[in-house]
């Protein structure tokens, strides 16, 4: 299921199409998503898309824009994307992109950042938050 969803982040993905492709019922697929990930199938797909956009914005690649990250992740309504992004990541997508494009200062302090989904709870990063 994860591989199919990841391969189709930029295109519309419907639960009946997904269920058919993995040869199960929609109900079984929805129950599996809730049992494994703790959220509905729709929410899980949306979160995967948001995480993909977040990674693109954090990369700070030349020419990267919020609109391009949103569209590449399957979001067509920029206002909805921005609202959802802020609710999940606690900041506007433009803030994430601006931070990624900011040059690192030499001699900046080491900051310990806690990652709730990481096995290493004290990963070290350079720079300011």
Fill in: residue 20 part of a helix (DSSP H, G or I) and at pLDDT 95 or above
no
Worksheet item: Does region 1-14 contain at least one residue that is part of a helix (DSSP H, G or I), without any contact (Cβ under 8 Å) to a residue 40 or more places away in the chain and crowded, with 16+ Cβ neighbours inside 10 Å?
Response: no
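Here's the yes/no breakdown for (1) outside any helix (DSSP H, G or I); (2) more than 20 Å from the chain's Cα centre (by Cα); (3) at pLDDT 95 or above; (4) surrounded by 10 or more Cβ atoms within 10 Å (Cβ to Cβ):
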residue	(1), (2), (3), (4)
81	no, no, yes, yes
84	no, no, yes, yes
88	no, no, yes, yes
100	no, no, no, yes
107	yes, yes, no, no
115	yes, no, no, yes
Worksheet entry | Matching residues, region 117-129, being assigned to a strand (DSSP E or B) and either surrounded by 10 or more Cβ atoms within 10 Å (Cβ to Cβ) or at pLDDT 95 or above (or both) | 123, 125, 126
Response to the item:
Expected single match for closer than 16 Å to residue 3 by Cα, loosely packed, with under 15 Cβ neighbours inside 10 Å and either at pLDDT 95 or above or touching a helix residue (DSSP H, G or I) at 6+ places or on another chain (Cβ under 9 Å) (or both) among 42, 77, 37 is 42
Item to complete: Please indicate, with yes or no, whether at least one residue in region 62-73 is farther than 25 Å from residue 13 by Cα, over 11 Å from the mean Cα position of the chain (by Cα), exposed (fewer than 13 other Cβ atoms within 10 Å of the Cβ) and at pLDDT below 95.
Response: yes
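The values are calculated or read from the model by the stated rules, or taken from the named source; none is laboratory data. Keep in mind that what you see is a predicted model, and the values were worked out from it rather than measured. Reconstructed Cβ throughout: ideal geometry from the backbone, glycine too, with neighbour counts over all protein chains shown.
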